[in-house]
Every structure is written in structure tokens, then in C-alpha cells.
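Accompanying notes for the structure given below.
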């Protein structure tokens with residue numbers, strides 16, 4: 001005869017699985033934030049090495065979510081070389 005699993009055991013297993021999933025998601029978010037910070041620091045170091053006339057202003061975070069058209073315009077402006 002197969003052992004039966006009580007409802008309480010099933011719920012406990014689901015709870016543990018949910019907690020582990022949430023921890024994994026939190027770890028992924030922390031990694032994404034750390035990588036973003038490191039990339040920005042790298043950009044700032046490389047930008048500081050350029051002659052003053054070739055340096056760019058630091059990228060700014062938009063104050064509100066952008067539409068696709070606004071994002072394309074923002075990306076186009078950001079990609080243009082200063083002074084041209």
C-alpha cells in the first residue's frame with residue numbers, strides 16, 4: 001500500500017517551493033541591479049578618459065515610462081555625437 005500524503009504536507013511543500021521561488025527572484029533582481037550599477041560605473045570611467053570635447057553627459061533616467069516613439073527619439077538623441 002502506498003503511503004498517503006496529508007493535505008498539510010502538500011501545503012507545506014507548496015509553501016517551501018513558493019519561498020524558494022521568491023528567494024530566487026529576489027536574487028535575480030539584486031544581480032540585475034548590481035550589473036546595472038557596474039555598467040554605469042564603467043561608462044563613467046571610460047567617459048572620464050575622453051578629452052573634454054568628446055565627453056558625454058551621464059544618461060538620465062526618464063521621469064515616466066516612455067512610449068515606443070519616445071524611446072526611439074530618446075535613443076536617437078543619446079546616440080548622436082556631441083558637437084555635431
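The values are calculated or read from the model by the stated rules, or taken from the named source; none is laboratory data. None of these values were measured; they are calculated from a predicted model. Using ideal geometry, Cβ is built from the backbone for each residue, glycine included, and neighbour counts are taken over all protein chains shown.
So residue 57 ticks every box in (1) assigned to a loop (DSSP other than H, G, I, E, B); (2) surrounded by 10 or more Cβ atoms within 10 Å (Cβ to Cβ) but one. Which box is left unticked?
Residue 57 satisfies all of (1) assigned to a loop (DSSP other than H, G, I, E, B); (2) surrounded by 10 or more Cβ atoms within 10 Å (Cβ to Cβ) except (2).
For residues that are under 19 Å from the mean Cα position of the chain (by Cα) and closer than 17 Å to residue 80 by Cβ, scanning just the stretch 50-65, find the one that is modelled with the highest pLDDT.
Selected residue: 58.
Go through the stretch 1-18 and report how many residues are loosely packed, with under 10 Cβ neighbours inside 10 Å and assigned to a helix (DSSP H, G or I).
Number of matching residues: 2.
Quick check on my filter: what residues within the stretch 66-84 are at pLDDT 85 or above and loosely packed, with under 10 Cβ neighbours inside 10 Å?
Of everything in the stretch 66-84, those that are at pLDDT 85 or above and loosely packed, with under 10 Cβ neighbours inside 10 Å turn out to be 67, 68, 69, 76.
Quick check: is even one residue across the stretch 32-44 in a loop (DSSP other than H, G, I, E, B) and either at pLDDT below 90 or surrounded by 10 or more Cβ atoms within 10 Å (Cβ to Cβ) (or both)?
Among the residues of the stretch 32-44, not one is in a loop (DSSP other than H, G, I, E, B) and either at pLDDT below 90 or surrounded by 10 or more Cβ atoms within 10 Å (Cβ to Cβ) (or both), which makes the answer no.
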